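The block underneath contains the structure these notes are about, expressed in structure tokens.
The values are calculated or read from the model by the stated rules, or taken from the named source; none is laboratory data. Quick caveat: nothing in here was measured; it's all calculated off a predicted structure. Neighbour counts are summed over all protein chains in view; Cβ atoms, including those assigned to glycine, are modelled from backbone coordinates with ideal geometry.
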Amino acid sequence: MKNSALDQEIEVKFMVLSLGGIQQRLERLGAELVQPRVYELNLRFDDGQGTLSRSGQVLRLRRDDANHLTYKGPGQSSDVAMRQEIEFKLDDFDAAWRLLEALGYTVSVHYEKYRSMYRMGDVLVTLDELPYGAFVEIEGPSSASIKTAAASLNLDWKRRIIESYLSIYYRLCGRLGRSRRSRFGWCLGSWFRHRFCCRSGGGFCRWRFRCCGG
């Protein structure tokens, strides 16, 4: 939930072994399900020199039950992840992709996940399933509101993550000594299941987290 006046995103993540317990706690606390579990396709764009990535900026095209174009600015130093975020919906995913390419950007990272979202007071709690783990993301108007929500869900504040999913992925690749540009991004070896299948659209697909080019 970003500050609409400042287009500011404030959030933290927690890696969990299972989302089932978190979901049950949310329901016991009376949280409102605002987005049932949905498949997401995310494309991050950059120029040939990686200018956006090197400067901590993100240009992302996302498709779930709608299409979204997002810009994120460099992160600010804080006990939570805080950055400028400008996001809006659009009608034509493919046309937006062509527009970004016409402006000189190409897909640099392609990743998929499942996400469900709950509203709990003035915060949003998202339950994310990625190829390399399950995460709870809490987004709110302030660090204090996020910390309160985390405590109500029995999440250890000391174990919060303020990195992006891409940064987490790169860090895990480095820890395992695997290339971050390996096929489909499967650098996590036996830590997670390689062949976790998911339903996307009308058929089955493998999870993918792929860095393009290079």
### Task
Find all pairs meeting these conditions: Cβ atoms under 8 angstrom apart; at least six residues apart or on different chains; first residue within segment 94-118 and of a type in the set (Phe, Trp, Tyr); second residue in a loop (DSSP other than H, G, I, E, B) and surrounded by fewer than 18 Cβ atoms within 10 Å (Cβ to Cβ).
Tyr105/Asp47; Tyr111/Arg208
### Task
Report, by residue number, each residue of segment 12-59 that is of a type outside the set (Val, Ile, Thr), crowded, with 16+ Cβ neighbours inside 10 Å and within 30 Å of Gly104 (Cα to Cα).
Tyr39, Glu40, Leu41, Asn42, Leu43, Arg44, Phe45, Asp46, Leu52, Ser53, Gln57, Leu59
### Message
Given the criteria over 27 Å from Arg159 (Cβ atoms), modelled with pLDDT of 95 or more, in a strand (DSSP E or B) and of a type outside the set (Phe, Trp, Tyr), does Ile10 qualify?
### Response
no
### Summary
Condition set among the aromatic types (Phe, Trp, Tyr) and more than 14 Å from Leu26 (Cα to Cα), scope segment 88-145, selection surrounded by the fewest Cβ atoms within 10 Å (Cβ to Cβ): answer is Phe88
### Message
Cβ-Cβ under 7 Å, sequence separation 6+ or interchain: first residue in segment 147-165 and over 17 Å from Tyr132 (Cα atoms), partner polar (S, T, N, Q) and assigned to a loop (DSSP other than H, G, I, E, B). Which pairs?
### Response
none
### Query
Any idea how many residues of segment 142-163 are part of a helix (DSSP H, G or I), touching a strand residue (DSSP E or B) at 6+ places or on another chain (Cβ under 9 Å) and closer than 14 Å to Asp79 by Cβ?
8
